[in-house]
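First the structure, in the form of structure tokens, and then the observations on it.
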Amino acid sequence: MLGGIGGRRRRGRQRMRWLDGITGSMDGTRDYSPRQMAVREKVFDVIISCFKRHGAEVIDTPVFELKETLTGKYGEDSKLIYDLKDQGGELLSLRYDLTVPFARYLAMNKLTNIKRYHIAKVYRRDNPAMTRGRYREFYQCDFDIAGQFDPMLPDAECLKIMCEILSSLQIGDFLVKVNDRRILDGMFAICGVPDSKFRTICSSVDKLDKVSWEEVKNEMVGEKGLAPEVADRIGDYVQQHGGVSLVEQLLQDPKLSQNKQALEGLGDLKLLFEYLTLFGIADKISFDLSLARGLDYYTGVIYEAVLLQPPARAGEEPLGVGSVAAGGRYDGLVGMFDPKGRKVPCVGLSIGVERIFSIVEQRLEALEEKVRTTETQVLVASAQKKLLEERLKLISELWDAGIKAELLYKKNPKLLNQLQYCEETGIPLVAIIGEQELKDGVIKLRSVASREEVDVRREDLVEEIKRRTSQPLCIC
């Protein structure tokens, strides 16, 4: 018995030490304060509004999948998948993205045509860089079009959506890089890359936005066994970027134009640029042969949006400082889950909202702007003591009428304290009850910003509040 008590005491002390050591959330995750949540919801509103404007439906899928569902879909990034401890005989993993679960959903439900969006958390065993918006648990905002359609029309709409969202969020100048997996594969073939090394060399090329060509070449040759002359031939191509003129130039390339895959990809890109011009966004798009997108499931057009940093000196090109959106075509992924291997062509995009959250937060802090964390339209206040019952009656009437209202949880709050609360929290209106107002059947409605006050008949109060607060609430 004594031993049992001592054991419990030791465990209790250990637990207290463990609690004392808690200083923050798990590495690569974050808590959201009310201010951060307000920013996040505003960003989501902009994104969802755009998705709906383009006719998308919303779906949801489980946060974890069978491990076999995710295995073999992400190339070298598969090592970043979180596996769950086996407790019931099934091997499970946390979802790495929203695309593979979407493909599984299409196959399982035998769907061949849908335009959908999905906003949810995904998980990666990555090295977090919190200040740059890179986490182990983070949100993705995905939009995808599944179905058999004429070439490049859905792809062009996805790029249009990407540009609309990034422009609406006002996070700075951006550039969307585009390429095509078929062009990459054709390029690798004519340069002499063995078929078995296509995907691993592709993942090396994908690092060119972060490291120099020399570092990428050293990885290809030193770590992946590629012949130096083959790497040099790849380098001649992947360091090129431009617009539709580069597409036309490569269509005349004596070697690349002889490769069937590359020719198909270049033809589709030329058509894509025609549609992008009609959509008015061609000036935001750059054909970039270094864009590879490391995920194995891409089969056609791929794209990635980067924010541009102003050039340090006149005459220099703007510098890309980080990816904020990406996507592409993946025509074979659904067939991997269909028992008969039936394919459903798909194309989509994903918005990197965590990085966008970080950018918006930094901008607001730099400007020292206040962020509203509630949508309260009016505070019900009193000017004298012993008016709690009247405040409760009035706020109940407002709630029942759909008005967002608050009151201070004090029987006899000072009017000054009530007005200061509104200024601190951004509540635009105060409905003030006083003894004289009760006799006259009116409520004194005060604008917090202008400090102007008007008497409003009680029966007209709801409509007056709605009229004054009909403008959308802005938090950033």
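The values are calculated or read from the model by the stated rules, or taken from the named source; none is laboratory data. Quick caveat: nothing in here was measured; it's all calculated off a predicted structure. As a convention, Cβ positions derive from the backbone with ideal geometry for all residues, glycine included, and neighbour counts pool all protein chains shown.
Consider region 322-334 and keep the residues that are surrounded by fewer than 23 Cβ atoms within 10 Å (Cβ to Cβ) and in contact (Cβ under 8 Å) with a residue 60 or more places away in the chain. The one that is nearest to residue 101 (Cα to Cα) is 323.
When residues in region 163-199 are screened for being surrounded by fewer than 21 Cβ atoms within 10 Å (Cβ to Cβ), closer than 26 Å to residue 257 by Cβ, touching a residue at least 40 places away in the same chain (Cβ under 8 Å) and out of contact with any helix residue (DSSP H, G or I) (no Cβ under 7 Å at 6 or more places or on another chain), 1 of them pass. Within region 224-247, one or more residues are more than 19 Å from residue 206 (Cβ to Cβ), assigned to a strand (DSSP E or B) and not aliphatic (A, V, I, L, M). Taking region 387-434, which residues are under 19 Å from residue 458 (Cβ atoms), assigned to a loop (DSSP other than H, G, I, E, B) and in contact with a Lys or Arg (Cβ under 8 Å, 6 or more places away or on another chain)? Within region 387-434, 403, 407, 434 meet the criteria. Of all residues in region 31-55, those that are in contact (Cβ under 8 Å) with a residue 24 or more places away in the chain and more than 16 Å from residue 370 (Cα to Cα) have Cβ atoms under 6 Å from Cβ atoms of residues that are among the basic types (Lys, Arg) and not in a helix (DSSP H, G or I), 6 or more apart or on another chain, in 55/115. Take the residues of region 205-219 that are without any contact (Cβ under 8 Å) to a residue 24 or more places away in the chain and in contact with a helix residue (DSSP H, G or I) (Cβ under 7 Å, 6 or more places away or on another chain): which is surrounded by the fewest Cβ atoms within 10 Å (Cβ to Cβ)? Here the answer is 207. Of the set (1) of a type in the set (A, V, I, L, M, F, W, C); (2) under 23 Å from residue 58 (Cα atoms); (3) modelled with pLDDT under 90, all apply to residue 324 but (3).
Once region 426-442 is narrowed to residues that are among the aliphatic types (A, V, I, L, M) and within 16 Å of residue 388 (Cβ to Cβ), the residue that is nearest to the chain's Cα centre (by Cα) is 431. Within region 265-310, the set of residues being farther than 23 Å from residue 205 by Cα and assigned to a loop (DSSP other than H, G, I, E, B) comprises 279, 280, 281, 310.
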